[in-house]
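Q: Structure incoming, see below.
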Amino acid sequence: MIASEEVAKTILVTGGSGFLGKHVVSRLATDGFRIVSVDRRPISGEGHPSVSYILGDLQDAQLRAECFAKPLEAVVHLAASTSVIRSAESPAEFFENNVMVTQELLELCRINKVKGFVFASSAATTGEVGALPITPEFPVRPISPYAATKSACEALINAYGNSFAMNTANFTGANLTRANLASAGLGTVNFTNANLTGASVIAADMSGANLMNAKFINANLK
(Lines give C-alpha, C1' and ligand atoms only; values in the text may rest on other atoms or scores of the structure.)
Protein backbone atom coordinates (compact mmCIF):
# COMPACT_ATOMS: atom_id res chain seq x y z
CA MET A 1 0.00 0.00 0.00
CA ILE A 2 1.22 3.47 -0.80
CA ALA A 3 0.15 5.25 2.36
CA SER A 4 2.20 3.04 4.67
CA GLU A 5 2.62 5.47 7.57
CA GLU A 6 1.10 4.55 10.92
CA VAL A 7 -1.50 7.28 10.44
CA ALA A 8 -2.78 7.27 6.87
CA LYS A 9 -2.72 10.60 5.07
CA THR A 10 -6.08 12.19 4.29
CA ILE A 11 -7.00 13.55 0.87
CA LEU A 12 -10.06 15.65 0.05
CA VAL A 13 -11.70 14.70 -3.26
CA THR A 14 -14.34 17.12 -4.52
CA GLY A 15 -16.88 15.69 -6.93
CA GLY A 16 -16.18 12.30 -5.42
CA SER A 17 -19.54 10.84 -6.49
CA GLY A 18 -19.06 11.75 -10.14
CA PHE A 19 -17.97 9.54 -13.02
CA LEU A 20 -14.26 10.27 -12.63
CA GLY A 21 -14.44 11.08 -8.94
CA LYS A 22 -15.66 7.70 -7.78
CA HIS A 23 -12.76 6.00 -9.60
CA VAL A 24 -10.25 8.38 -8.06
CA VAL A 25 -11.74 7.86 -4.59
CA SER A 26 -11.68 4.10 -5.05
CA ARG A 27 -8.08 4.08 -6.25
CA LEU A 28 -6.78 6.32 -3.48
CA ALA A 29 -8.70 4.39 -0.82
CA THR A 30 -7.34 1.11 -2.17
CA ASP A 31 -3.84 2.58 -2.02
CA GLY A 32 -4.24 3.21 1.69
CA PHE A 33 -5.20 6.87 1.92
CA ARG A 34 -8.05 8.16 4.02
CA ILE A 35 -10.47 10.09 1.85
CA VAL A 36 -12.94 12.89 2.47
CA SER A 37 -15.30 12.84 -0.52
CA VAL A 38 -17.65 15.78 -1.03
CA ASP A 39 -20.37 16.04 -3.67
CA ARG A 40 -23.84 17.47 -4.16
CA ARG A 41 -24.98 13.98 -5.13
CA PRO A 42 -25.00 10.96 -2.83
CA ILE A 43 -22.88 7.98 -3.77
CA SER A 44 -24.48 5.03 -5.51
CA GLY A 45 -24.00 1.70 -3.81
CA GLU A 46 -21.92 1.00 -0.73
CA GLY A 47 -19.17 3.33 0.37
CA HIS A 48 -15.58 2.46 1.20
CA PRO A 49 -14.77 2.07 4.93
CA SER A 50 -11.85 4.52 4.73
CA VAL A 51 -13.92 7.23 3.01
CA SER A 52 -15.89 9.93 4.83
CA TYR A 53 -18.73 11.17 2.63
CA ILE A 54 -19.98 14.75 2.86
CA LEU A 55 -23.14 15.72 0.98
CA GLY A 56 -23.60 19.34 0.02
CA ASP A 57 -22.64 22.33 -2.12
CA LEU A 58 -19.10 23.68 -1.97
CA GLN A 59 -20.45 27.21 -2.24
CA ASP A 60 -21.55 26.73 1.38
CA ALA A 61 -18.80 28.11 3.64
CA GLN A 62 -19.80 25.84 6.54
CA LEU A 63 -19.57 22.79 4.31
CA ARG A 64 -16.11 23.84 3.12
CA ALA A 65 -15.04 24.25 6.73
CA GLU A 66 -16.31 20.73 7.47
CA CYS A 67 -14.18 19.39 4.62
CA PHE A 68 -11.08 20.93 6.22
CA ALA A 69 -11.99 20.02 9.81
CA LYS A 70 -9.16 17.47 9.98
CA PRO A 71 -5.61 17.88 8.63
CA LEU A 72 -5.34 17.19 4.91
CA GLU A 73 -2.36 16.13 2.84
CA ALA A 74 -3.84 17.24 -0.48
CA VAL A 75 -6.98 18.26 -2.35
CA VAL A 76 -8.08 16.65 -5.62
CA HIS A 77 -10.56 19.15 -7.05
CA LEU A 78 -12.84 17.48 -9.62
CA ALA A 79 -16.15 19.19 -8.84
CA ALA A 80 -17.32 21.69 -11.46
CA SER A 81 -20.15 22.82 -13.69
CA THR A 82 -19.14 21.43 -17.07
CA SER A 83 -21.65 22.10 -19.87
CA VAL A 84 -20.33 24.42 -22.58
CA ILE A 85 -23.85 25.15 -23.82
CA ARG A 86 -25.24 25.82 -20.35
CA SER A 87 -22.31 28.06 -19.51
CA ALA A 88 -23.42 30.41 -22.29
CA GLU A 89 -26.89 30.47 -20.77
CA SER A 90 -25.76 30.98 -17.16
CA PRO A 91 -22.20 32.36 -17.15
CA ALA A 92 -22.50 33.82 -13.64
CA GLU A 93 -23.46 30.42 -12.25
CA PHE A 94 -20.39 28.85 -13.85
CA PHE A 95 -18.12 31.57 -12.47
CA GLU A 96 -19.47 31.01 -8.97
CA ASN A 97 -19.38 27.19 -9.12
CA ASN A 98 -15.99 26.93 -10.78
CA VAL A 99 -13.80 29.96 -10.15
CA MET A 100 -15.08 31.19 -6.80
CA VAL A 101 -15.25 27.72 -5.26
CA THR A 102 -11.72 26.93 -6.50
CA GLN A 103 -10.38 30.15 -4.99
CA GLU A 104 -12.07 29.40 -1.66
CA LEU A 105 -10.56 25.91 -1.61
CA LEU A 106 -7.11 27.29 -2.42
CA GLU A 107 -7.42 29.82 0.37
CA LEU A 108 -8.39 27.11 2.84
CA CYS A 109 -5.37 25.11 1.66
CA ARG A 110 -3.14 28.12 2.26
CA ILE A 111 -4.57 28.79 5.72
CA ASN A 112 -4.44 25.14 6.76
CA LYS A 113 -1.04 24.49 5.15
CA VAL A 114 -2.30 21.74 2.86
CA LYS A 115 0.66 20.57 0.76
CA GLY A 116 -0.92 19.58 -2.57
CA PHE A 117 -3.69 20.68 -4.90
CA VAL A 118 -4.63 18.70 -8.03
CA PHE A 119 -7.14 20.22 -10.43
CA ALA A 120 -9.21 18.71 -13.25
CA SER A 121 -8.99 21.22 -16.09
CA SER A 122 -10.30 20.89 -19.65
CA ALA A 123 -8.97 20.79 -23.19
CA ALA A 124 -11.61 23.46 -23.88
CA THR A 125 -9.15 26.05 -22.55
CA THR A 126 -7.28 25.87 -25.87
CA GLY A 127 -10.37 26.68 -27.96
CA GLU A 128 -10.61 25.58 -31.59
CA VAL A 129 -7.06 24.54 -32.38
CA GLY A 130 -7.73 22.68 -35.63
CA ALA A 131 -5.19 19.96 -34.87
CA LEU A 132 -4.66 16.90 -32.69
CA PRO A 133 -3.21 15.99 -30.31
CA ILE A 134 -3.59 19.02 -28.07
CA THR A 135 -0.39 19.57 -26.10
CA PRO A 136 0.59 21.86 -23.21
CA GLU A 137 2.36 24.08 -25.74
CA PHE A 138 -0.95 25.24 -27.29
CA PRO A 139 -1.89 28.80 -26.24
CA VAL A 140 -4.85 29.32 -23.94
CA ARG A 141 -7.76 30.67 -26.02
CA PRO A 142 -11.08 29.84 -24.31
CA ILE A 143 -14.13 30.56 -26.45
CA SER A 144 -16.89 29.65 -23.98
CA PRO A 145 -17.65 30.81 -20.43
CA TYR A 146 -17.01 27.25 -19.23
CA ALA A 147 -13.56 27.16 -20.81
CA ALA A 148 -12.81 30.61 -19.42
CA THR A 149 -13.61 29.44 -15.89
CA LYS A 150 -11.25 26.49 -16.25
CA SER A 151 -8.51 28.76 -17.57
CA ALA A 152 -9.05 31.17 -14.68
CA CYS A 153 -8.82 28.30 -12.21
CA GLU A 154 -5.53 27.14 -13.73
CA ALA A 155 -4.13 30.64 -13.34
CA LEU A 156 -5.27 30.85 -9.71
CA ILE A 157 -3.77 27.46 -8.90
CA ASN A 158 -0.44 28.35 -10.51
CA ALA A 159 -0.40 31.65 -8.60
CA TYR A 160 -1.11 29.97 -5.26
CA GLY A 161 1.51 27.33 -5.97
CA ASN A 162 4.18 29.89 -6.74
CA SER A 163 3.21 32.37 -4.03
CA PHE A 164 2.64 30.00 -1.12
CA ALA A 165 4.92 27.03 -1.87
CA MET A 166 1.99 24.72 -2.58
CA ASN A 167 2.57 21.69 -4.78
CA THR A 168 -0.01 21.99 -7.55
CA ALA A 169 -0.99 20.17 -10.73
CA ASN A 170 -3.50 20.98 -13.46
CA PHE A 171 -4.43 17.94 -15.55
CA THR A 172 -6.61 17.41 -18.58
CA GLY A 173 -8.34 14.15 -19.44
CA ALA A 174 -10.24 13.88 -22.71
CA ASN A 175 -12.71 11.27 -23.96
CA LEU A 176 -13.07 9.55 -20.60
CA THR A 177 -15.45 6.61 -20.93
CA ARG A 178 -16.29 3.63 -18.78
CA ALA A 179 -14.37 1.32 -21.12
CA ASN A 180 -11.35 3.60 -21.13
CA LEU A 181 -11.28 3.82 -17.38
CA ALA A 182 -11.46 0.04 -17.16
CA SER A 183 -8.65 -0.44 -19.68
CA ALA A 184 -6.55 2.08 -17.75
CA GLY A 185 -6.84 -0.04 -14.63
CA LEU A 186 -8.31 2.94 -12.77
CA GLY A 187 -5.12 4.75 -13.77
CA THR A 188 -6.78 7.58 -15.68
CA VAL A 189 -5.48 9.85 -12.99
CA ASN A 190 -2.63 7.77 -11.65
CA PHE A 191 -2.30 9.38 -8.23
CA THR A 192 0.58 7.73 -6.39
CA ASN A 193 2.68 8.59 -3.39
CA ALA A 194 5.10 10.31 -5.74
CA ASN A 195 2.34 12.54 -7.03
CA LEU A 196 1.21 13.60 -3.60
CA THR A 197 4.27 13.50 -1.37
CA GLY A 198 7.20 11.77 -3.03
CA ALA A 199 10.40 12.71 -4.76
CA SER A 200 9.45 12.47 -8.40
CA VAL A 201 6.79 13.48 -10.89
CA ILE A 202 4.57 10.91 -12.56
CA ALA A 203 3.03 12.09 -15.82
CA ALA A 204 -0.01 9.79 -15.84
CA ASP A 205 1.14 7.01 -18.14
CA MET A 206 -1.76 6.45 -20.51
CA SER A 207 -0.02 3.95 -22.79
CA GLY A 208 -2.57 1.45 -24.05
CA ALA A 209 -5.42 3.26 -22.33
CA ASN A 210 -6.83 4.89 -25.48
CA LEU A 211 -7.21 8.19 -23.68
CA MET A 212 -6.54 11.20 -25.89
CA ASN A 213 -4.49 13.95 -24.31
CA ALA A 214 -4.73 12.67 -20.75
CA LYS A 215 -1.82 14.33 -19.00
CA PHE A 216 -0.51 16.15 -15.99
CA ILE A 217 0.59 19.74 -16.48
CA ASN A 218 3.05 21.34 -14.09
CA ALA A 219 2.82 18.21 -11.94
CA ASN A 220 5.49 19.16 -9.43
CA LEU A 221 4.08 17.35 -6.45
CA LYS A 222 7.00 16.61 -4.19
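Q: For segment 1-114, what ratio Rg/Rh do Cα atoms give with a Kirkwood hydrodynamic radius? All intermediate terms of the calculation are to be shown ahead of the outcome.
A: Working: Rg = 14.4 Å, Rh = 14.6 Å.
Expressed as Rg/Rh, it is 0.99.
Q: Using a Förster distance of 30 Å, how high is the FRET efficiency between Glu66 and Arg141, based on the Cβ-Cβ distance and rounded to 0.05?
A: Numbers: r = 38 Å, r/R0 = 1.26.
It comes to 0.20.
Q: Ordering Glu46, Glu107, Glu66 from largest to smallest accessible area (1.4 angstrom probe), what's the sequence?
A: On the way: Glu46 180, Glu107 45, Glu66 105 Å².
Accessible-area ranking of Glu46, Glu107, Glu66, largest first: Glu46, Glu66, Glu107.
Q: For His23, His77, His48, give the ranking by accessible area with the largest first, probe 1.4 Å.
A: The ranking, largest first, comes out as His48, His23, His77.
The values are calculated or read from the model by the stated rules, or taken from the named source; none is laboratory data. Keep in mind that what you see is a predicted model, and the values were worked out from it rather than measured. We place every Cβ from the backbone using ideal geometry, glycine too, and count neighbours over all the protein chains shown. For the accessible areas, the whole protein counts, side chains as well, though only heavy atoms, and no ligand, DNA or RNA atoms are used. Shrake-Rupley method; radii C 1.70, N 1.55, O 1.52, S 1.80 Å.
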